[in-house]
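Step one of this worksheet: look at the structure below.
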Amino acid sequence: MRFFSRKTVSEARSAEQNQNSLSKVLGPVSLTALGVGAVIGSGIFVVTGVVAAVYTGPAVVLSFIIAGLGCLFAGFCYAELSSMIPASGGSYSYTYVTMGRGAAWLIAWILILEYLVASAFIAVGWSGYFSSFIQSFGWNIPENLRTAPLDFADGFSLVTTGSIINLPATMLILVITAILILGVRQSAFASNMMVLIKLSIILLFIAAGAFYVNTDNWIPFVPDNSGVFGEYGWSGIMRGAGVVFISYLGFDAVTTASEEAHTPERDMPIAIIGTLAICTGLYVAVAAILTGLVSYKKLNVPDPIFVGVDAVSPALAWLAPLINIGAMVGLASATFVLIFAQPRIFHAMSRDGLMPKFFSTVHPKFSTPFWGILITGLSAAVLASLFPISVLAELVAIGTLFAFIVVCISVIILRKREPDVKRPFSVPFYPYVPVLGILTCGYMMLSLPFATWLRLIIWMAMGLIVYFAYNMRKREN
């Protein structure tokens with residue numbers, strides 16, 4: 001029966017008062033920087049090109065707008081719950097209160113796809129930009145040391161590619177893991193600096209690139225469907241929206257830092273909505289400029305913005321090295337935030353008895369959940385070293401969408417179950433906003449390939465097996 005047991009809101013709030021609590025050192029600026037650090041990375045520097053080339057053409061702009069609407073609905077729901085329940089764990093903590101222990105375990109299992117796999121996916125994109133950057137100096141990393149050794153043929157069969165390891169992606173994750181162990185305050189400062197650098201360069205790309213847009217590249221704006229659902233046409237736009245939804249992952253990661261916020265009731269809604277406001281406009285602007293600089297057919301690469309700048313050289317040749325620096329810093333900061341987030345979920349689960357106790361151990365000197373950071377970093381490094389960007393992107397997208405639906409449902413459940421509890425921030429236009437969030441995210445999930453759904457179902461089945469095996473072992477001991 002413990003599978004269905006729930007916490008009350010007051011019990012969830014009290015979790016942050018125990019001896020394994022994390023240090024409260026983050027204000028709204030640092031939290032927003034964490035959000036922007038995660039969001040402005042995967043979407044602008046990686047996903048834009050892949051989705052335009054494979055699914056949407058220039059209409060990738062519409063995919064970002066549709067995904068942004070779904071993100072806005074879910075974002076309001078996250079803001080309400082994070083202001084009510086300022087405990088580490090994000091969606092996991094909210095689900096424990098609304099749906100119970102077993103459902104919380106499953107959403108945490110899904111969040112491993114959302115954060116751990118996302119950090120690997122973004123690191124693979126960083127590897128592409130890093131390789132292009134050092135090639136500009138005449139250096140070259142052998143292809144078998146910078147590409148994935150494994151891939152999925154026809155979406156299912158695992159095959160080898162002849163490569164050995166994606167070494168740059170692996171090294172990036174290991175360095176970030178070491179930095180995160182050293183402390184939250186130091187990590188926040190590093191994140192703030194990286195965000196400032198990449199935003200400056202992105203704005204420079206938008207301003208300079210606007211003068212060299214070839215509007216012929218936008219025609220046709222919505223390419224005709226190829227005859228296969230999800231390949232161009234309006235079905236492609238919707239499938240593209242499902243994939244680019246990963247680009248808004250950052251505000252979700254912010255909620256895992258609730259326990260480390262100075263005043264979470266105020267700071268979390270500001271950080272979540274501020275992240276969305278800053279990032280949505282940038283996505284649409286960059287997508288429009290990029291597809292105007294170069295044909296969308298050439299953008300199925302890990303470093304699409306570099307390809308766009310290179311297409312109008314020598315006019316923008318001076319911008320190419322800055323774009324690479326901005327992309328590398330941006331993707332590194334996104335990887336940084338996601339590896340920051342996952343151990344906080346493990347930390348909350350450990351305090352609830354759903355993970356081994358060492359995950360809730362806080363380092364006596366650095367005040368960080370160092371075991372969780374170490375295990376997360378090593379796992380992400382293995383994924384980044386082995387798998388290609390396309391497989392990782394779709395897995396992250398479906399995990400993110402699933403988590404957002406659960407959070408929207410949680411708001412509805414909690415409004416009915418505990419209507420009088422204090423809500424420092426309330427979802428506007430309730431119940432329409434959470435319902436629209438469920439419908440929008442659900443439709444985008446349905447637009448994703450069957451192979452991605454199958455992997456999600458297999459992953460959830462594995463999660464249930466692990467849950468019952470772990471709890472049986474605890475009872476025996």
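Just a few scattered comments:
- Pairs of Lys in region 24-476 closer than 25 Å at Cα, counting only those 8 or more apart or on different chains: 6
- The length gained by stretching the chain between Thr8 and Phe189 to full extension, at 0.36 nm per residue less their Cα-Cα distance, is 61.7 nm.
- Shown in residue order for region 126-133 are the 3J(HN,Hα) couplings computed by the Karplus curve 6.51 cos²θ - 1.76 cosθ + 1.60 at θ = phi - 60°: 4, 4, x, 5, 4, 5, 5, 5 Hz (x for Gly and Pro).
- The label-point distance for Leu203 and Lys24, in a model that sets each label 7 Å from Cα toward Cβ, rounds to 3.3 nm.
- Segment Met171-Trp139, length gained on full extension (0.36 nm per residue, minus Cα span): 9.8 nm
- Using the rule -39500 (n - 2.57) for each DSSP H run of four or more residues, divided by the residues of the chain, the 222 nm mean residue ellipticity is -21500 deg cm²/dmol.
- With contacts taken as Cα pairs under 8 Å and at least 6 residues apart, region 24-476 reaches a relative contact order of 36 percent.
- Segment Leu446-Asp224, length gained on full extension (0.36 nm per residue, minus Cα span): 77.8 nm
Quick note: the coordinates plus some simple rules give every number you see, no bench work behind them. Everything numeric in this text was worked out from a predicted model, so none of it was measured. Neighbour counts run over all protein chains shown; Cβ positions are idealised from the backbone, glycine included.
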